[in-house]
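Structure, as structure tokens:
The values are calculated or read from the model by the stated rules, or taken from the named source; none is laboratory data. What you are looking at is a predicted structure, and each value in this text was computed from that prediction instead of being measured. Neighbour counts run over all protein chains shown; Cβ positions are idealised from the backbone, glycine included. Surface accessibility is based on the protein's heavy atoms, side chains included, excluding ligands, DNA and RNA. Shrake-Rupley method; radii C 1.70, N 1.55, O 1.52, S 1.80 Å.
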Amino acid sequence: MKLSVKNLSKHYDKPILQNVSFEMNTGILGLLGENGAGKTTLLEIISTLIAPHTGQVDYEGMDVVQDLHTIRKQIGYLPQKFDFFPHLTVQEILEYVCRLKNIHGRQRITEIEEKLKQVGLLEQRNKKFNALSGGMKQRLGIAQAIVGNPKLLLIDEPTVGLDPHERVSFRQLLTTLATDRSIIISTHIVEDVALTTDFVLVLHQGNVNYFGDIPAFIKSVEGKVWLYSGENVTEKLQKQGALIISTQVTASGVHIRYLSDTPLEGSLLLEPTLEHAYIYTNRKKV
Ligand SMILES: Nc1ncnc2c1ncn2[C@@H]1O[C@H](COP(=O)(O)OP(=O)(O)OP(=O)(O)O)[C@@H](O)[C@H]1O
Ligand SMILES: [Mg+2]
């Protein structure tokens with residue numbers, strides 16, 4: 001779905017989002033930002049759950065007031081705190097969701113079958129919600145969001161609390177879902193974005209610090225990531241405004257990775273990663 005977000009602002013007792021704009025068509029957009037950056041608020045606005053104070057979201061030319069019903073049919077949403085009645089089974093939950101989305105009869109049976117297959121939960125269909133693992137719950141969360149085949153999928157922090165294997169297979173699931181829809185996934189796990197998304201939008205205290213493709217974002221810190229090995233120069237680096245990423249103490253000395261425009265003598269230039277770009281960008285405007 002072609003989505004155009006223009007100058008969104010939202011405030012409660014303080015500004016939460018300020019002048020947020022971006023456009024996307026197909027593919028996966030990663031929404032990165034620290035706790036409280038405004039990720040959930042932005043997804044809630046795009047999902048039409050809450051309204052912005054200023055600005056608007058354009059859904060393929062549809063108007064959020066006049067075409068609200070049509071727009072909502074095109075949106076699937078997995079909220080940050082996805083929970084369900086604990087004693088309902090996977091099958092019962094999807095039947096319930098189908099009813100909410102007005103899918104009945106034969107169509108409901110095929111729809112549930114198809115979605116269970118897509119998220120890999122066919123064998124768990126008779127399991128109760130509270131008996132599912134974290135990863136399975138998130139898969140069910142995705143299944144309920146894609147009932148009715150929405151063109152836009154909004155997913156809020158889906159990999160928090162998942163073990164490494166579950167995270168890997170969850171990421172693969174997202175990639176398969178992106179072939180015929182647009183996905184926005186919010187996270188503060190930089191690796192999730194690096195491994196699954198095409199574009200990134202970096203939020204910092206409600207402002208867009210970066211929007212664009214990932215290679216260009218990483219390139220923005222080329223020549224700024226350094227490794228110093230030797231005696232402990234942490235204090236010296238901090239004094240000159242460097243941002244220390246990691247300090248490893250080994251038998252051969254201290255290895256300090258840091259971000260800086262001006263390196264300490266003897267430092268080795270490193271290849272930048274998405275995490276470096278993210279840390280550097282969100283620190284500049286503190
Ligand atoms: N209904 C509300 N009333 C008042 N303040 C709110 C409300 N909803 C969110 N906020 C505030 O807005 C800010 C942004 O919250 P939001 O949940 O959008 O951030 P987030 O980036 O999703 O954070 P997290 O990574 O912790 O999920 C926070 O300071 C939060 O306390
Ligand atoms: Mg959130």
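Going by the structure shown, is Lys127 open to solvent by less than 40 Å² (accessible area, probe 1.4 Å) and of a type in the set (Lys, Arg)? Outline the logic, then answer.
Numbers: open to solvent by less than 40 Å² (accessible area, probe 1.4 Å): no; of a type in the set (Lys, Arg): yes.
When the stated conditions are applied, Lys127 does not pass them.
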### Message
Testing Met24 on (1) within 16 Å of ligand 2 (Cβ to nearest atom); (2) surrounded by 15 or more Cβ atoms within 10 Å (Cβ to Cβ), one condition comes back false. Which one is that?
### Response
(1)
## Note on the structure
Considering only helices (runs of 4 or more DSSP H) wholly within segment 34-105, the ones with at least 2 residues that are touching a helix residue (DSSP H, G or I) at 6+ places or on another chain (Cβ under 9 Å) and crowded, with 17+ Cβ neighbours inside 10 Å are 90-100
### Message
Could you list, ordered by first residue, the pairs with Cβ atoms under 8 Å in which the first is in segment 12-25 and without any contact (Cβ under 8 Å) to a residue 12 or more places away in the chain and the second is within 16 Å of ligand 2 (Cβ to nearest atom) and outside any strand (DSSP E or B), at least 6 apart or interchain?
### Response
none
### Task
Only residues that are within 29 Å of Thr197 (Cα to Cα) and in a strand (DSSP E or B): list them for segment 248-271, please.
Arg257, Tyr258, Leu259, Leu269
### Task
Tell me which residues, restricted to segment 200-245, are over 30 Å from Lys14 (Cα atoms) and among the small types (Gly, Ala, Ser).
Ala216, Ser220, Gly223, Ser229, Gly230, Ala242
### Residue ID - farthest from Leu132 (Cα to Cα), chosen from residues in segment 106-117 that are crowded, with 18+ Cβ neighbours inside 10 Å and hydrophobic (A, V, I, L, M, F, W, C)
Ile112
### Message
Could you list, ordered by first residue, the pairs with Cβ atoms under 8 Å in which the first is in segment 143-158 and touching a residue at least 24 places away in the same chain (Cβ under 8 Å) and of a type outside the set (A, V, I, L, M) and the second is within 16 Å of ligand 2 (Cβ to nearest atom) and in a loop (DSSP other than H, G, I, E, B), at least 6 apart or interchain?
### Response
Asp156/Pro79; Asp156/Gln80; Glu157/Gln80; Glu157/His188
### Message
Given the options Glu44, Glu92, name the one that is without any contact (Cβ under 8 Å) to a residue 24 or more places away in the chain, more than 19 Å from Leu177 (Cβ to Cβ) and within 16 Å of ligand 2 (Cβ to nearest atom).
### Response
Glu44
### Task
Could you tell me whether any residue of segment 1-23 is in a helix (DSSP H, G or I) and more than 23 Å from Ala143 (Cβ to Cβ)?
no
### Residue list for segment 151-185, filter: part of a strand (DSSP E or B) and within 16 Å of ligand 1 (Cβ to nearest atom)
Leu154, Ile155, Asp156, Ile184, Ile185
